[in-house]
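Following: one structure in structure tokens, then a few remarks.
What follows is calculated from the coordinates using simple rules that are stated; it is not laboratory data. Being a predicted model, the structure only gives us computed values, none of them experimental. Note that we place each Cβ from the backbone using ideal geometry, even for glycine, and neighbour counts take in every protein chain shown.
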Amino acid sequence: GKTQNIYALNYNDKDNDIKISLGLLDTKHNWSGWISPVNGKGTKSDTPNKRWNFNIQKSVDLTNKDEMVFGLQYTKDSMHKTEHNLVNGELNKQSKGNTRSYGLYIQNDHKFDNKWSILSGIRYDNWKVYDSWMQLDKDKSKTIYYPARSDSSFSPKIALQYKIDDESNLFTSWGKAFAAPTLQKMFSGSASSASYTEANPNLNPQTVKTVEIGYKKKFGESTILGVTYYHNDINDLLYTRKTGLGKITYTVNGSTYTKDKQRVENAGTATTNGIELDLNHKINDQWSMFANYMYQQSKIDKCSTNGAAEGKIMTYVPKHVFNLGVDYSAGKWNSELVGSYQSKMYAQDNNSDTAKGVYTAYDPYFVVDFNLTYSMDKNSSISFAVNNLFDKEYYSYNLCEGRNYMLTVDYNF
């Protein structure tokens, strides 16, 4: 079960080109548990957590050829996981972690002339984990306290665009990115009938260098076609190690299992290469359609924790992703019908999990979603959505949701 409150406040000063947002994702409870029908014994674990985020961005027209954007992003995460005995309420184990991160960025869009433009920028990220500990059994004297540590990175970016004519343009870009590990991966393990995952408090952030080149073409007044090639080099790859950590015997739902331990580690380096195709077509004033397809080839190049994984496809990375949709808009009404396909993903580092349609599998799937929105006025709207319209059954580790419905009311002030 989960109890979650979401708060968001956004401010947009169009006259001065300032945007500010403040948000809180407050998960009061995120629990799971088991109880034996034989003897009534069981456990319940709960992982309440919070995420605060703050963003401010300012745009400035330096000259008639230069538009500059700079800003600040701040995020604070906290988590406290506990596991209790259901019979007597005794605390079995617990863990706690806190992280904060902030990013400062600035970029400038410079137009040389009507054909050439260049976007350049740099971002500084600083990440810190602190006030973190793990109590792995009932004996509090065995609590492990982890010292605070931090990491930082400068991430530059540069993108060049050439306008061939009024209907087509070329672009290329290069940049770096910085991704910190989550508190759940560092301080919250998990156990099920299929696997046992250890927490890893020593994880470091992952960095990525990316290059892309693309072409966009407009055909007449109604059709736009785009194609993009990209290449990513990943260092300190956040990777789930599933071999070589030994076995463990544990109990879940009254049954005892012996499984290989697994945990997320910084394994080494990896590369991805991909091609994206994007098509948008306006049929008439009311109807439009879109289609996009992505092919990506991923590979683990070096893996310090498991040499057998080298040369294999990265876990949780699909090779094919395809979306096709049609949109209708008239007056206060808007509707959208979208079909989405994703090919099979591997969860095992040696790509041995080829089974489909079973628990722990990551099946290929094609699902269709429908959404209908009525705008009552400029400030309010009501939407009705049907997800997984044809009630497709597929697994993404667990059995995924079948057909489900959502009614949403929005009011902006």
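Numbers for the structure displayed
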read-out: Among 321-329, 125-133, the order from most to least packed when residues are scored by Cβ within 10 Å on average; value: 125-133, 321-329
read-out: Size of charge dipole - region 19-142 - debye, nearest 20, with Cβ of Lys, Arg +1 and Asp, Glu -1, no other charges; value: 320
read-out: By average C-beta atoms within 10 angstrom, highest first, the peptides 162-174, 302-314; value: 302-314, 162-174
read-out: Cα-based shape type of the chain, given that a ≥ b ≥ c are square roots of the gyration tensor eigenvalues and the cut on a/c is 1.5; value: prolate
read-out: Cα centre as origin, Lys/Arg/Asp/Glu Cβ charges: the chain dipole, Debye; value: 1400
read-out: Of 47, 258, 243, the one that fluctuates the most in a GNM where the chain has Cα springs shorter than 10 Å; value: 258
read-out: Order by protection proxy (mean Cβ within 10 Å, highest first), peptides 190-198, 56-64; value: 190-198, 56-64
read-out: Positive-pole candidate from 135, 214, 412, dipole of the chain, charges at beta carbon; value: 135
read-out: Spatially proximal lysines relative to residue 157 (Cα-Cα < 21 Å; intrachain offsets below 8 disregarded); value: 58, 65, 111, 115, 176, 209, 216
